[in-house]
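Only the coordinates and a few stated rules stand behind these numbers; no lab work does. Computed from a predicted structure; not experimentally measured. Every residue, glycine as well, gets a Cβ built from its backbone with ideal geometry; the counts of neighbours run over all protein chains shown.
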Amino acid sequence: QTPAQPQPEPPESSVARGERLVGEKCAGCHATGRTGASPNPKAPPFREVGKLYPPEHLAEALAEGIVTGD
């Protein structure tokens with residue numbers, strides 16, 4: 001009998017990947033849920049960032065990773 005081969009992990013959906021990245025990279029400063037205040041009072045809730053800044057201007061910054069000194 002041949003040992004069972006491990007099944008590969010299914011590919012992560014783009015939504016799941018985005019949620020994971022926001023949790024890892026943004027949630028330390030920004031509120032990332034539908035409600036609630038940000039841990040850092042100077043950081044707008046992530047749900048409002050697209051209202052404050054045109055998303056097309058954020059694409060490159062988000063892809064490279066935004067780092068602030070605050």
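A few notes on this one:
- Seen against the Cα atoms of the chain and their longest principal axis, helix 14-25 is set at about 60 degrees.
- Given charges at Cβ of Lys, Arg, Asp, Glu: the chain dipole, positive-most of P10, G50, G65: G50
- Basic side chains Lys and Arg get +1 at the Cβ, acidic Asp and Glu get -1 at the Cβ, and with that the dipole of the chain about its Cα centre reaches some 280 debye.
- For the chain, the equivalent ellipsoid derived from the Cα gyration tensor has semi-axes of 34, 14, 12 Å, listed largest first.
- Here the chain is scanned for trypsin sites (Lys or Arg not before Pro) in DSSP loops (not H, G, I, E, B) that have at most 16 other Cβ atoms within 10 Å, and the longest stretch holding none of them is 1-33.
- Over the chain, relative contact order from alpha-carbon pairs under 8 Å, at least 6 apart, %: 16
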